[in-house]
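A short worksheet on the structure shown next.
The values are calculated or read from the model by the stated rules, or taken from the named source; none is laboratory data. On a predicted model such as this, the values are computed, not experimentally measured, just so you know. Here the Cβ is made from the backbone with ideal geometry for all residues, glycine too, and neighbour counts use every protein chain on show. Side chains are part of the model used for accessible areas, which takes the heavy atoms of the whole protein and leaves out ligands, DNA and RNA. Shrake-Rupley method; radii C 1.70, N 1.55, O 1.52, S 1.80 Å.
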There are 2 protein chains.
Amino acid sequence: MSIRIGILGYGNLGRGVECAIKHNPDTELVAVFTRRDPETVKILTETAKVYSVKDAEKLKDEIDVLIICGGSATDLPVQTPEYVKYFNVVDSFDTHKKIPEHFANVDKAAAESGHVGIISVGWDPGMFSLNRMYANAILTNGNDYTFWGKGVSQGHSDAVRRIKGVKDAKQYTIPVEAALEAVRNGENPELTTRQKHTRECFVVAEEGADLARIEEEIKTMPNYFDEYDTTVHFISQEELDRDHSGIPHGGFVIRSGKTGWNNENSHVIEYSLKLDSNPEFTSSVIVAYARAAYRMNQEGQKGCKTVFDVAPAYLSALDGAELRKKFL
Amino acid sequence: MSIRIGILGYGNLGRGVECAIKHNPDTELVAVFTRRDPETVKILTETAKVYSVKDAEKLKDEIDVLIICGGSATDLPVQTPEYVKYFNVVDSFDTHKKIPEHFANVDKAAAESGHVGIISVGWDPGMFSLNRMYANAILTNGNDYTFWGKGVSQGHSDAVRRIKGVKDAKQYTIPVEAALEAVRNGENPELTTRQKHTRECFVVAEEGADLARIEEEIKTMPNYFDEYDTTVHFISQEELDRDHSGIPHGGFVIRSGKTGWNNENSHVIEYSLKLDSNPEFTSSVIVAYARAAYRMNQEGQKGCKTVFDVAPAYLSALDGAELRKKFL
């Protein structure tokens, strides 16, 4: 029998989860819950139904894991502790400094209801976190580096779009190749924000807008751009739609460290991702962890978990003997 | 109180474990067990003692985890099931096709004695296995590639040294850069053995030996070299000692796969290692898993485990809240 999954929130991430379920035959999409009028939401899976979010609780016995696809700013802090009362849940909460609070809230509700809630699943937080942790446990004496990109930052694109005279925009975060190389060579460089990443913006300006002012406003925008070297390209809406409609992303997690009685040997561990679609890859990670949430709960586990707490085998549709044969 | 560790077998790997323990202040080396006369074995740790392997069982209450540093061919199949009767153990068993049998033997003995035995720990099998497994659980529709090197293959170096007229030799396995690039670009190439790796030999010949014959014997050696493009360099013993005394290794695990309703998006996950010292890195992984073996057993777990069965958090000296804060 397949693992019955519900999706709460049908945006880019929710649609990605729907696709990932299709790629995992031991999982099955049962329901999509939306805050919109369910009649207006068309999904791809013919065998699943769309419900109002208000009806979610009623389907608690028909869903093994609810994947919560809301935003970290205001949705997940409320939704995850709420729905773990009725379901095993997985979310992709990514507001780093609020993770302790979110973990505590989900843990309390999950412990009381007897469910498993896995939070902060995806690639960063998620697979990048795991790789930072594994690498630190192995090389205890070393340095960590994370580079992001090349990829689209939604937050930075939004910030550019809010500038007066900007009709549309896409922002790419790009790691600095020379910095990456220095890290890979085990040089343990101390890198400023500017030395690690550059930013590139493709901007569609409104007719007659002052392009020099727009460029200046982007490059000096506090927090978002002022600490980076930024390049601004003005292009047409057609060009933006044609060449920049994807949501690629990726990055690099590198740890270099020393071993030996007198630290005489150096090692470099690198994990990298090159993603055509940020939400679809994130969703693929989430569905693997949904499988884990279901299995861990079946074994009697409960409470809030992160990627650090989940034994790898729980993520795979294969059993232990198959995993050892195929991957060990 | 620190985790008390014993080492069985004091070769390259045993010495690496001793160094790794120094880098993990929550672990402590208590004893080294040797088949040699203990009087003749000098170790680096002043607070630890050397014992005959015959006395290992007597120290069962003074050691939390025994790390078994024997060879996979004849030592570990006997030692790991034997010593898991008295200790939690970790080994680096790497004879792939015999893993099911080894797992079953260790599991039976460990279940009876109530200990945890973690087998096949290191980087391949070990961290490479983990990364193959994680990547497959995430991208269910894709292709796997493992490249090894640049690094010293002990088995191939030994094979060259057995050739008549060869005094000493070192063999390096080297991944083919063009193949790596094709894989990274998501081209999903079908690669022959020859297309994936080349081999490079540095050979010290005996005086008056027939160099052409030696080179021919190397290049045509069945299984070891005949399926590869091999380069042979004849050098002096001084050059070999000066330039080729290290034991570097490493490699790349890459999975490329598709997501999306119609497989429209591609993704590449890559994990790579660049290691100055193969045995010291392997040892560093092993000590992290020794910590896990101890903790899992403290929680009441028993039986044979592999890297797939160990939740990542068990590997770190940090607690859950610290891990979430530092690495999530």
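Side notes on the structure shown:
- Sub-9 Å Cβ pairs linking a first residue in the range A:299-311 that is within 14 Å of A:Asn131 (Cα to Cα) and of a type in the set (Ser, Thr, Tyr) to a second residue that is open to solvent by less than 30 Å² (accessible area, probe 1.4 Å) and part of a loop (DSSP other than H, G, I, E, B), at least 6 apart or interchain, are A:Thr306/A:Ile119; A:Thr306/A:Ser120; A:Thr306/A:Val121; A:Thr306/A:Pro125; A:Thr306/B:Leu328, ordered by first then second residue.
- Test for A:Ile218: is it more than 10 Å from chain B (Cβ to nearest Cβ), open to solvent by less than 10 Å² (accessible area, probe 1.4 Å) and either of a type in the set (Val, Ile, Thr) or touching a His at 6+ places or on another chain (Cβ under 6 Å) (or both): yes
- Residue in the range B:250-264 that is most open to solvent (accessible area, probe 1.4 Å), counting only those that are within 7 Å of chain A (Cβ to nearest Cβ) and free of Cβ contacts under 8 Å to residues at least 24 places away in the same chain: B:Trp261
- Restricted to the range B:314-326, and to residues there that are under 22 Å from B:Asp91 (Cβ atoms) and in a helix (DSSP H, G or I), the residue that is farthest from the other protein chains (Cβ to nearest Cβ) is B:Tyr314.
- In the range B:73-107, the residue that is least open to solvent (accessible area, probe 1.4 Å) out of those that are touching a Gly at 6+ places or on another chain (Cβ under 6 Å) and within 14 Å of chain A (Cβ to nearest Cβ) is B:Val106.
- Condition check for B:Glu280: closer than 22 Å to B:Leu130 by Cβ and either outside any strand (DSSP E or B) or away from chain A (no Cβ under 14 Å) (or both): yes
- For the range B:219-241, a residue qualifies if it is part of a loop (DSSP other than H, G, I, E, B) and either touching a Pro at 6+ places or on another chain (Cβ under 6 Å) or touching a residue at least 60 places away in the same chain (Cβ under 8 Å) (or both), and the qualifying residues are B:Met221, B:Tyr224, B:Phe225.
- Residues that are open to solvent by less than 30 Å² (accessible area, probe 1.4 Å), touching a Leu at 6+ places or on another chain (Cβ under 9 Å), under 21 Å from B:Ala135 (Cβ atoms) and without any contact (Cβ under 8 Å) to a residue 60 or more places away in the chain occur in the range B:178-194; there is at least one.
- Whichever residue in the range A:26-72 is open to solvent by 20 Å² or more (accessible area, probe 1.4 Å) and of a type in the set (Val, Ile, Thr) and, among such residues, is farthest from the other protein chains (Cβ to nearest Cβ): A:Val53
- The condition of being open to solvent by less than 60 Å² (accessible area, probe 1.4 Å), of a type outside the set (A, V, I, L, M) and within 13 Å of A:Val160 (Cα to Cα) holds for A:Thr230.
- Hits in the range B:181-213 (condition: within 26 Å of B:Ser256 (Cβ to Cβ) and in a helix (DSSP H, G or I)): B:Glu181, B:Ala182, B:Val183, B:Arg184, B:Thr193, B:Arg194, B:Gln195, B:Lys196
- The sole residue among B:Asp144, B:Asp124, B:Asp158 that is under 28 Å from A:Glu322 (Cβ atoms), open to solvent by 30 Å² or more (accessible area, probe 1.4 Å) and out of contact with any helix residue (DSSP H, G or I) (no Cβ under 8 Å at 6 or more places or on another chain) is B:Asp124.
- Taking the listed residues B:Arg199, B:Arg132, B:Arg194, the one that is more than 14 Å from chain A (Cβ to nearest Cβ), closer than 30 Å to B:Asp91 by Cα and basic (Lys, Arg) is B:Arg199, with no other qualifying.
- Considering residues of the range A:265-306 that are within 18 Å of A:His115 (Cβ to Cβ) and polar (S, T, N, Q) only, the residue least open to solvent (accessible area, probe 1.4 Å): A:Thr306
- Identity of the residue in the range A:200-210, open to solvent by 20 Å² or more (accessible area, probe 1.4 Å) and touching a residue at least 24 places away in the same chain (Cβ under 8 Å), that ends up nearest to A:Pro175 (Cα to Cα): A:Glu200
- Within the range B:283-309, the set of residues being under 17 Å from the mean Cα position of the chain (by Cα) and either assigned to a strand (DSSP E or B) or at the interface with chain A (Cβ under 10 Å from one of its Cβ atoms) (or both) comprises B:Ser283, B:Ser284, B:Val285, B:Ile286, B:Val287, B:Ala288, B:Tyr289, B:Lys305, B:Thr306, B:Val307, B:Phe308.
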